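Heads up: the structure comes next, in structure tokens.
The values are calculated or read from the model by the stated rules, or taken from the named source; none is laboratory data. In this text, all values refer to a predicted model and were calculated from it rather than measured experimentally. Ideal geometry is used to build each Cβ from the backbone, glycine not excepted, and the neighbour counts take in all protein chains shown. For accessibility, only protein heavy atoms count, side chains too; no ligands or nucleic acids. Shrake-Rupley method; radii C 1.70, N 1.55, O 1.52, S 1.80 Å.
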Amino acid sequence: MDKTFRAFDPHQVLLLPPSLDDWLPQDHLARFVAELVDEALDLGPVLADYTEKRGYPPYDPRLMLCRSLGGQIKVGAVPLQERMTCRE
């Protein structure tokens with residue numbers, strides 16, 4: 001793979017808290033989604049499309065997929081009546 005991505009390390013030290021491990025309990029949905037993306041999904045075809053070297057490095061597809069799946073799971077878990085109430 002020739003394309004470089006913006007740095008993505010879920011265990012890096014950021015502002016506060018120093019690690020996501022300090023924020024999230026062991027059974028948190030975000031941990032499940034991250035494990036699913038890292039270990040169960042084959043992202044080879046997605047990564048193979050990133051061949052363009054021009055421009056600013058894109059976000060890592062693993063990060064974007066984690067955010068997208070997490071959002072979809074949370075929205076899907078909200079009952080329809082609650083979603084309709086939020087729109088009004």
When you check Asp49 against the structure, is it surrounded by 12 or more Cβ atoms within 10 Å (Cβ to Cβ), of a type in the set (Asp, Glu) and at pLDDT below 90, yes or no? no
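Residue by residue, here is whether (1) open to solvent by 100 Å² or more (accessible area, probe 1.4 Å); (2) of a type outside the set (A, V, I, L, M, F, W, C); (3) at pLDDT below 75; (4) touching a Pro at 6+ places or on another chain (Cβ under 6 Å) holds:
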residue	(1), (2), (3), (4)
Asp2	yes, yes, yes, no
Trp23	yes, no, no, yes
Leu29	no, no, no, no
Asp38	no, yes, no, no
Pro45	no, yes, no, no
Asp60	no, yes, no, no
Gly71	no, yes, no, no
Cys86	yes, no, yes, no
